[in-house]
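To start, the structure under review is shown below, and the notes come after it.
Coordinate-derived values only; no laboratory data. Owing to the predicted nature of the structure, the values given are computational and were not obtained by experimental measurement. Methodologically, a virtual Cβ is constructed for each residue, glycine included, from the backbone with ideal geometry; neighbour enumeration extends over all protein chains shown.
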Ligand code: HEC
């Protein structure tokens, strides 16, 4: 009986630790490696919620993962989404709409390929979008399971 209770306790603690791991705000991501940029215009199927101009950044562990196709815990990608303003045949950056983050931790995020997905709203470092990331994020990234759920590559 004592053993059974201990096992239940240990299981509860492990579950609590797993559930408490969340994706951190990617401090200083603007100084990381820039991978690519893209503008999504009105009328594109992904306009909601990804309309605007986005830039994608990778931290050093994410860069190493792209090169070796083996991601280590701590690898992070950021999808930085800004509005854009069109005027006089120019397209320039507008306000930040959100950042989408993928943080690798093989055990904590085992259900979503080892990647934790998160959205920080606007310029906030703390306001997270309430969403079920398994359906809103991972379901689409699953289509690139062969590249460890990562779409972007580094263009030398
Ligand atoms: C409908 C498909 C789709 C959904 C849904 C989606 N993504 Fe992506 N994501 C993409 C594509 C495509 C790219 C590459 C964009 C490019 O090439 O500029 C991408 C790129 C990224 C990147 C940069 C790393 C990489 O894989 O290239 C991050 C970080 C990211 N998405 C996070 C998220 C988060 C967080 C969510 C959920 C809120 C999400 N994505 C939902 C399709 C999707």
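Return one number: the angle in degrees, 0 to 90 and rounded to the nearest 10, between the long axis of the Cα atoms of helix 2-20 and the longest principal axis of the Cα atoms of the chain.
Approximately 10 degrees, to the nearest ten.
Once you keep just the Cα pairs under 8 angstrom separated by 6 or more residues, what percentage relative contact order results for region 2-147? Each step should come with its number before you reach the end.
Values: 231 pairs, mean separation 23.4, N = 146.
Relative CO of region 2-147 lands at 16 percent.
For every helix of n ≥ 4 consecutive DSSP H residues, a contribution of -39,500 (n - 2.57) applies; sum these over the chain, divide by its total residues, and give [θ] at 222 nm rounded to the nearest 500 deg cm²/dmol. Provide the component values of the computation, followed by the final result.
On the way: 3 runs with 32 residues, N = 156.
Taken over the chain, the calculation gives -6000 deg cm²/dmol.
For a protection proxy built on the mean count of beta-carbon atoms within 10 angstrom, sort 44-56, 119-131, 98-110 highest first, please. Walk me through the numbers before you get to the answer.
Working: 44-56: 15.2, 119-131: 12.5, 98-110: 20.1.
Put in order of decreasing packing, that is 98-110, 44-56, 119-131.
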